[in-house]
Structures are given as structure tokens and as C-alpha cells.
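Visitor: Here you go, one structure.
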Amino acid sequence: MRVIILSGKVGKIVNILESCNFQNQYNFFEEYEKTNVFRSQEELKIYFEKLDQEIFNSSWRKSMGYIPDGFKSRTILTIYGAVTFKRRVYKYWNNNKYKHIFLVDKKLQINKYSRVSSHLKFKVLEQIACGKRQRDICDMFYHANLSRATISNLIQSVELSEPLNLIFDDIEKIKIPKHLYINMDETFVKLWIKKKMKKYRIRLVTFHTGYNKFYSTEKRKVLDNKRVYWVLVPVNSKINTAEFMADVEKMANKFYSNVNQVDTIIGGDGAPWIRNSPEYFPNSFYVLDKFHACRYLKRLFPTRKNELNVKQYENNKTIFETGNHEFLISNLKQSIIKPEKNQKLKEIVRYFQNNKLGITNQSLEWNIGVSAEGDISHIVKWLLGYGSKAFNYKTFNNMLLLRTAQINNLDILTYLKNDYQREHEHEKRFYWSSYWIKTNNDFYDYPCQGSLPGATLGKGKSKWINGLLNQK
């Protein structure tokens, strides 16, 4: 196997695998990787400069009036690292003055003030959509030597709201087989906006139609036809439950075709806005999240090295699972606890009293559990990295949009790639074609794109112009 190492513009073939003295496997593959990365960078450099030379030699460039005006270097970041190449500056006449342009940049679809290639940018956005954190992406593309600040700027640079609204209009609705499950919860994050850190509330709603029988196992259940809706508001902003549930119903009808024809099971941690939500959603029932119920019981009956607490905890947990609300309340009131926990007992009893319907529905056949807490963890907290990090508001908002679009089967990245391609193809055609139309006045003496300065003065006086167009 031969590896080509390029030095400048000369390709030199070196048989590394035969000439190397293998002693350490780790060092061998490290050196081999570095060699191939360097080779890729040199190949890209030569290819870019070759394109620039082809543009210089082309007849259309001369006929369009693009005059060479020196060289400038350009560095772009790719997945193989930084690639620096030289390209020509061209000047052209427009509106009675010369303007400058890098034609090869238009050919390569390189944005004017961006050092990161569009390919690397979309690779980063793809990883965010898949749920990767920023530090993971830095490690993934370590040849590019990306910083978290660079990744944050890349995420901020895209506008997602309008494309998502356009894609939403064309999504294929799902038919609900039996029941629609809605899990709801909220969490709080700190975000930077206008150089100030503010606290925000994220209210997350997860839709699904039950367990996927094909992918689910006994220990790990996979939700079928899962979709996500969320809102991000300042923590001091009140959310009207009736208006919020109207939005939830609207989103449910966007995702599913027969929402009003099936029963809906709403699950959550027992917050007032969750347990009251069935009043605003048709054919709905409320279920209390078992995870939160057991967590309250654990607070009352710590099971570590205490057999009495273990028995009381297991007993109340069994009563909760059977859905016997009155028996659970009476049994809790008779609990054997330390005197200092009497206040906590009153609070927990009040919590279960307020969630009567959520406990009563535990024993019903369609109750398969609530995954609201897991959804908050996997969708929101995972992006934050489970730490006290504070992202920029737009950065985090776009991260959530990308992540939830992936879950909702909205191919936003393909839309963005195609839009980017169309924009740069249009820009290239603009500079490759003449859009400046001559006036009907045959006596004008200023040049325009597609004509030569001084062309109206006769062939003899425009020879110096032809020399400019062909200079190196």
C-alpha cells in the first residue's frame, strides 16, 4: 500500500508501510494518521489553486472584463484541518469605479468572512441534531481545532424558525392505533442574553403512541411515533394553562391524524398545570408519574439500613400501584416516623391528596408509565452537559430546535444545505454572466461588466486593456 505525500505542488510517492520500522502500534497509527491528514490538506491546497489558475486562463473571464490584481492567501477550516491557499484578486468596472472580487471563492462557495467551510459547519449542526454536546464535537473534529466558542457561533449563525415552519406544512401525519400518550414536565436553565444572565423555563411535551414492539425489550422500552413540542420563556413569565394546552392540541393535530378519535393519557409529576390539563384537552385522562411518587415516599422513608422504612416504603408503593387512593392516604397517616418528619409527612399527604385522579388511574390497562423526567434529561439536560453551564440564548434555542427537529423527523438540515447550494449557485451565475446592459447611447465612454474600459475609443487605444486582462 502506497501513501502519497505532497510537498508544495510536487507529488512524492513514499512507501511508508514498507519503509517504516514498526515497533509501537500506537505510535505507528498516530504517525500514519498525521501523514494522511497532511496529504489531504496539501491535495486540497493544490486543487484550490488549480481552480484559480483555470479561471485565470478561461476565455469567459477575459471577455467579462475581470482584470487580475495580485494574489492574497486564504485559510479555511475543514474536517482535515486548516487549508491555506493563494488565489488571485480580480477587479472589474461597475458604476464608474473598480470593484474587487475573488472568483475562485465564488466557485468554491466560500463565504466572505467565514473561516469555517460550509461542509464542516453542516457536520457540526448534524451532530447537534443527533444530541452531541459541544465538547464532544470538539473532540470529534480535533484536526480542525475547533473551540466551543467557534461551535457556539456556528450554531447562532443559522436561522431555523422560518425553515421549520415551511417544513411543518408538508409533514406526513401518523394514525394513532389505540391511545395517544402525552408526557409533560418543565425545567429551568440559565442563559446569556444581551450580556446578562437570566433564568428561563423550558416546558417540554412529549407525544407517543405506546411502546414499539419491534425495538422494545423486557428491560428497555422504546416509544413509538415519538414527537416533541417545547416552549422557552423567562422564569417570571406566566403561562396560561388553557392557552398552553390549546397549543399542545394544535401540535398534536399536526403530528397525528386522529387525535379527537382516541383517548389521550396525560402524565406528569403532579404540578397543578399538569393535573388540571385534562380539562382543556378532549378525551383525556391524567396519570401521576410513578417516579415522582416513589421519590416522595423515599424522602419520608429512607431505606438505607432501616428495615422498618423498607417495609413501609414497599407497602405504600404497592398501594400506589393498585390505584387505591383512600387506602394510600390512610396508610401514610399511620406511618411510623420520627417526630421531626411530621411536617414532611403532612406535605407528602397533601401532595397525594391533590393527585387523586392521577393515583386512581394507575391500575388501568392503558397506563404504561410516564417518561417525562427521562425526556427532560435526554433532550434538555444532555445538551447542557448536566452541569451549571450557561449558554447564549440563541445558541441554546437553536440547539433545541435542531435536536427536536431530528426527533420529529423534520429534515431541516437537508433543507438548509439545499438552500445554501441554491444561494451560492445563483451568486456564481451572477458573476459568471453579464447583468449589466448597455444603454442605447452609442457615445458613452465608461466601461461596464462584459465590455472593456475604453473600448469605444477604438482598437488601438484598447490594446493596453487586453494586456491587463492577460497579465499574471
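Each value in this text was obtained by applying a stated rule to the coordinates, not by laboratory testing. Just so it is clear, the model here is predicted, and its values are computed rather than measured. Cβ: placed from backbone, ideal geometry, glycine included. Neighbour counts: every protein chain shown.
Visitor: Using 0.36 nm per residue of separation minus the Cα-Cα distance, give me the extension gain between Y142 and E314 in nm, one decimal.
Guide: So the chain would gain 56.9 nm between Y142 and E314.
Visitor: Can I ask one more? Taking the Cα centre of the chain as the origin and placing charges on Cβ (Lys, Arg +1; Asp, Glu -1), which of V248, I101, Y393 is farthest toward the positive end of the dipole?
Guide: Towards the positive end, the residue furthest out is I101.
Visitor: Sticking with this one: Please compare each pair in K290/K317; K86/K112; K123/K199 to a cut-off of 20 Å on the Cα-Cα distance and tell me which ones are over it.
Guide: Distance filter (> 20 Å) returns K123/K199.
Visitor: Give, in nm to one decimal, the length gained when the segment between K175 and L345 is fully stretched (0.36 nm per residue of separation minus the Cα-Cα distance).
Guide: Full extension of this stretch gives 56.7 nm more.
Visitor: Take D411 and I239, extend 7 Å from each Cα along the Cα→Cβ direction, and tell me the distance between the two endpoints in nm.
Guide: Spacing of the two 7 Å Cα→Cβ label points: 3.1 nm.
Visitor: Relative contact order, percent, of the chain when contacts are C-alpha pairs under 8 Å separated by at least 6 residues?
Guide: Dividing the mean separation by the residue count of the chain yields 17 percent.
Visitor: Please compute the net charge surrounding K356, taking Lys and Arg as +1 and Asp and Glu as -1 over other residues with Cβ under 11 Å from its Cβ.
Guide: Taking every other residue near K356 into account, the sum is 0.
Visitor: What size of dipole, in debye to the nearest 20, comes out for the chain about its Cα centre when the only charges are +1 on Lys and Arg C-beta atoms and -1 on Asp and Glu C-beta atoms?
Guide: Roughly 1740 debye for the chain.
Visitor: Answer rounded, prolate or oblate for region 314-380, using the Cα gyration tensor with square roots of eigenvalues a ≥ b ≥ c: rounded when a/c is under 1.5, else prolate when a/b is larger than b/c, else oblate.
Guide: Oblate, since a/c reaches 1.5 and b/c is not below a/b.
Visitor: If you don't mind, another one. Apply the Karplus curve 6.51 cos²θ - 1.76 cosθ + 1.60, θ = phi - 60°, to the phi angles in region 75-90 and return the couplings in whole Hz, x for Gly and Pro.
Guide: So the Karplus estimates, Gly and Pro as x, are 10, 10, 8, 10, 5, 8, x, 6, 10, 10, 9, 9, 9, 7, 9, 10 Hz.
Visitor: Per residue of the chain, what 222 nm ellipticity follows from adding -39500 (n - 2.57) for every DSSP H run with n ≥ 4, rounded to the nearest 500?
Guide: So the calculated ellipticity at 222 nm is -13000 deg cm²/dmol.
Visitor: Rounded to the nearest 0.05, what FRET efficiency do R299 and E159 give with R0 = 41 Å and r taken as the Cβ-Cβ distance? Could you check?
Guide: E(calc), rounded to 0.05, equals 0.35.
Visitor: I need the shape label for region 39-83. Rule: rounded when a/c is under 1.5, else prolate if a/b > b/c, else oblate, with a, b, c from the alpha carbon gyration tensor.
Guide: Here region 39-83 falls in the prolate category.
Visitor: Moving on to the next point. If you take the charge dipole of the chain about its Cα centre, with +1 on Lys and Arg Cβ and -1 on Asp and Glu Cβ, which of W60, L410, H325 is farthest toward its positive end?
Guide: Final value for the positive-end residue is W60.
Visitor: Set the Förster distance to 25 Å, then compute FRET efficiency between F214 and Q261 from the Cβ-Cβ distance, nearest 0.05.
Guide: 0.50
Visitor: Of the labelled options (1) 242; (2) 310; (3) 155, which one gives volume of the Cα convex hull per residue in Å³ as computed for this structure?
Guide: Label (1) holds the value from this structure.
Visitor: Where the centroid of each part is defined by its Cα atoms, how far is region 219-267 from region 156-181 in Å?
Guide: With region 219-267 and region 156-181 each reduced to a Cα centre, they are spaced 13 Å.
Visitor: Give me the extension gain from K72 to T84: residue separation times 0.36 nm, minus the current Cα-Cα distance, reported in nm with one decimal.
Guide: Extra length from K72 to T84 when fully extended: 3.3 nm.
Visitor: Per residue of region 137-144, in order, report the coupling 6.51 cos²θ - 1.76 cosθ + 1.60 (Karplus, θ = phi - 60°) as ³J(HN,Hα) in whole Hz, putting x for Gly and Pro.
Guide: Here the 3J(HN,Hα) series is 5, 4, 6, 5, 10, 5, 5, 6 Hz.
Visitor: I would also like to ask the following. Is the shape of region 282-400 rounded, prolate or oblate, going by the alpha carbon gyration tensor and its root eigenvalues a ≥ b ≥ c, with a/c under 1.5 for rounded and a/b larger than b/c for prolate?
Guide: It comes out oblate by the Cα gyration axes.
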